[in-house]
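Take a look at the structure below.
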Amino acid sequence: MTSFRDNELHRAVYLEAEFRSIVQGDMDITAYTGKLKLADALHDVGQLVRETSQVLNMLRGLSSKYRHTVPVITAKNPPHTFLLAWSYLLLEEQYDKEQAKAAHNQALLATASGRSTLTPPGDG
């Protein structure tokens with residue numbers, strides 16, 4: 001039984017290091033927060049990760065494009081749960097996608113209208 005417990009502690013060391021080093025990079029919010037489920041694996045080896053710590057770790061590893069969300073999430077008292085913080089980030093991600101789509105459509109419209117005002121070659 002002692003050997004099993006030693007293996008749990010050994011595994012916990014690596015899981016904890018992996019958990020604390022997760023960064024979003026180019027992952028979407030769902031993929032990123034899915035990786036943070038390592039907290040469940042830590043729990044399985046007897047290392048409880050408090051929810052506040054899980055939220056702070058999520059915020060620490062966020063891509064810089066979501067840095068504006070950190071004060072919003074950390075200012076709430078009592079603190080956001082992991083689920084509420086995740087939900088907020090999903091809404092921000094959706095908003096970013098909608099804004100990018102609108103900007104793309106605006107650029108296409110501007111390009112199309114710019115072409116219609118140009119004189120065809122040979123008509124000058």
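Values computed for the structure shown
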| item | result |
| --- | --- |
| Per-q log10 I(q)/I(0), segment 45-103, q = 0.19, 0.30, 0.31 Å⁻¹ (Debye; single scatterer per alpha-carbon; no solvent) | -0.71, -1.30, -1.35 |
| Average projected area [Cα convex hull, the chain], square nanometres | 11.6 |
| Solvent-accessible heavy-atom area per residue, rounded to whole Å², over the chain at 1.4 Å | 69 |
| Top positive-direction residue, dipole computed over the chain with Cβ charges, set G46, S113, F19 | S113 |
| Listed residues T81, Y66, L91: farthest to the positive end of the dipole of segment 43-95 (Cβ charges) | Y66 |
| Convex hull (Cα only) mean projected area of segment 2-52, reported in nm² to one decimal | 3.7 |
| Rel. contact order, % - alpha carbon contacts under 8 angstrom, at least six apart, the chain | 23 |
| Selected from L108, L89, L15 as most flexible by GNM, with the chain as the system and alpha-carbon contacts under 10 Å | L108 |
| Test item: Cα-centred dipole of the chain, Lys/Arg +1 and Asp/Glu -1 on Cβ, debye | 220 |
| In degrees, nearest ten, helix 82-116 long axis to first principal axis of the chain (Cα) | 20 |
| Percent accessible area from carbon and sulfur atoms, the chain, protein chains only, probe 1.4 Å | 59 |
| 37 °C / 0.692 mPa s Stokes-Einstein diffusion coefficient of segment 19-77, Kirkwood radius on C-alpha pairs, µm²/s | 272 |
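The values are calculated or read from the model by the stated rules, or taken from the named source; none is laboratory data. Quantities reported herein were computed from a predicted structural model and do not represent experimental measurements. Heads up, the Cβs are rebuilt from the backbone with ideal geometry, glycines too, and the neighbour counts pull from every protein chain shown. Calculation scope for accessible area: heavy atoms of the full protein, side chains included, ligands and nucleic acids excluded. Shrake-Rupley method; radii C 1.70, N 1.55, O 1.52, S 1.80 Å.
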